[in-house]
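Structure, as structure tokens:
A short reminder: the numbers here are calculations on the coordinates, not readings from a lab. Worth saying up front: this structure is predicted, and the values here are computed from it rather than measured. A quick note on method: Cβ atoms are made from the backbone with ideal geometry, for glycine too, and the neighbour counts reach across all protein chains shown.
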Ligand SMILES: [Ca+2]
Ligand SMILES: [Ca+2]
């Protein structure tokens, strides 16, 4: 993958992150995730938190989000 494509993908993921982070505090909480994806089953959300919340603070930082989506 070229560097340009990686950059585009990163920009898109940053945009996704900002869209889900409704209050703009730089973290995605479980509640913000649920509000953005109302159809997401609780188990899927639980799995996301287990896999993606690396430091276990109950919310996703941009870094955790990028790692989860890459
Ligand atoms: Ca937030
Ligand atoms: Ca976290």
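Structure summary
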| read-out | value |
| --- | --- |
| Relative contact order (percent, whole number), the chain, Cα cutoff 8 Å, 6+ residue spacing | 31 |
| Full-stretch length increase - residue 70, residue 14 - with 0.36 nm per residue and alpha-carbon distance subtracted | 19.0 nm |
| Cα-based helix-to-principal-axis angle, 42-52 vs the chain, degrees rounded to 10 | 50 |
| Nitroxide proxy distance, nm - points 7 Å out along Cα→Cβ at residue 45 and residue 6 | 3.4 |
| Extension gain (nm, one decimal) between residue 62 and residue 25, 0.36 nm per residue minus Cα-Cα | 12.2 nm |
| Cα-based equivalent ellipsoid, the range 3-69: semi-axes from gyration tensor eigenvalues, Å | 20, 13, 12 |
